[in-house]
Amino acid sequence: MSLLKIFLGICLLGMVSFVVACYVSPQFFLKTTYAFVKSEFPGLPEFSNQSLRKLAQDKRTDYIVVDVRTPQERNVSIIAGAIDEAHFERNLAAYQNKKIIVYCTIGYRSGYYALDLRQKGLDAYNLSEGILGWTHVDGLLVDSQGQATSQVHVYSRPWNLALKQHIAVF
């Protein structure tokens, strides 16, 4: 009986520690959550937010960023230079020879889309940690008018994993 109590105590302590770590560090929770998302797509290549930020700073043109979130989410903000899925699909021929970096809030919806694109023979990657991860590398977000913004759509209250200098909208 005491072995069971010890085991349950350790489990409870571990769970409480995890909750505290998530509360104290949105980055820890973001990385942990993305690890679960990533496990849905074994073998799918991903692109880090740090690497995308470097590409954007270098003003390279050999890639395209595709936002697969809903229009309501995109109206709040997008990664600067990103296009929506519909625009991408209408102009697919123009992007055949580019690296295609797909994102959503955290990587789940974009993972499915990137898989679909890869099955069609395109060079597609899932942006690790999505737009939430982009906020963690201080990436530029723009609103629907193209102006810099600190607002980011986080899907719902539990997904408010953006850094504190960002205004969460859900």
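The values are calculated or read from the model by the stated rules, or taken from the named source; none is laboratory data. These numbers come from a predicted model, not from an experiment. No Cβ is skipped: glycine too gets one built from the backbone with ideal geometry, and neighbour counts run over all protein chains shown.
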Does any residue of the stretch 144-157 turn out to be modelled with pLDDT of 95 or more and touching a Pro at 6+ places or on another chain (Cβ under 8 Å)?
no
Regarding residue 77, is this residue surrounded by 23 or more Cβ atoms within 10 Å (Cβ to Cβ), over 20 Å from residue 31 (Cβ atoms) and touching a His at 6+ places or on another chain (Cβ under 9 Å)?
yes
Take the residues in the stretch 129-170 that are closer than 22 Å to residue 51 by Cα, over 15 Å from the mean Cα position of the chain (by Cα) and hydroxyl-bearing (Ser, Thr, Tyr), then tell me which one is surrounded by the fewest Cβ atoms within 10 Å (Cβ to Cβ).
150
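Return the residues of the stretch 62-82 that are without any contact (Cβ under 8 Å) to a residue 24 or more places away in the chain and out of contact with any strand residue (DSSP E or B) (no Cβ under 6 Å at 6 or more places or on another chain); say none if nothing qualifies.
Within the stretch 62-82, 70, 71 meet the criteria.
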Kindly check whether there is at least one residue in the stretch 60-68 that is modelled with pLDDT of 85 or more, in contact with a Lys or Arg (Cβ under 8 Å, 6 or more places away or on another chain) and among the aromatic types (Phe, Trp, Tyr).
yes
Name the pairs: first residue in the stretch 94-114 and free of Cβ contacts under 8 Å to residues at least 40 places away in the same chain, second residue among the polar types (S, T, N, Q) and not in a strand (DSSP E or B), Cβ to Cβ under 6 Å, at least 6 apart or on different chains?
102/110; 103/110; 104/110
Could you tell me which of the residues 73, 85 is out of contact with any Gly (no Cβ under 9 Å at 6 or more places or on another chain), within 24 Å of residue 32 (Cβ to Cβ) and not basic (Lys, Arg)?
73
Count of the stretch 17-40 residues which are modelled with pLDDT under 90 and assigned to a helix (DSSP H, G or I):
16
For the stretch 93-125, which residues satisfy the criterion of being within 8 Å of the chain's Cα centre (by Cα) and within 14 Å of residue 51 (Cβ to Cβ)?
103
